[in-house]
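What follows is one structure encoded as structure tokens, with my remarks underneath.
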Amino acid sequence: MLTAIHRLVPAAGFEVLREVSQRINFKLHTVAESVIGWALGEALPEPVGRKLEAAVRRRPRLQDAPDTEAG
């Protein structure tokens, strides 16, 4: 879900969850459940939201596919 929303490279979604979990000392499944709740309209707990945003900024993004013109 994080990879799609933030256009992260495929492996980065799990890396983000793991980093947030370690930095705020929450179990990884708790962080993942918070992110799922957020996708369903719930608010992210403060430490999760702040660290998630920072972790996402540090990850590589997918590049937009170049436009190709039919000749």
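No lab work stands behind these numbers, since they all come straight from the coordinates. Since the structure is predicted, the reported quantities are computational estimates derived from the model, not experimental observations.
Inverting the pair-averaged 1/r between distinct Cα atoms of the chain gives 13.0 Å as its Kirkwood hydrodynamic radius.
On full extension, the segment bounded by Arg23 and Ala39 gains 3.6 nm, given 0.36 nm per residue less the C-alpha separation.
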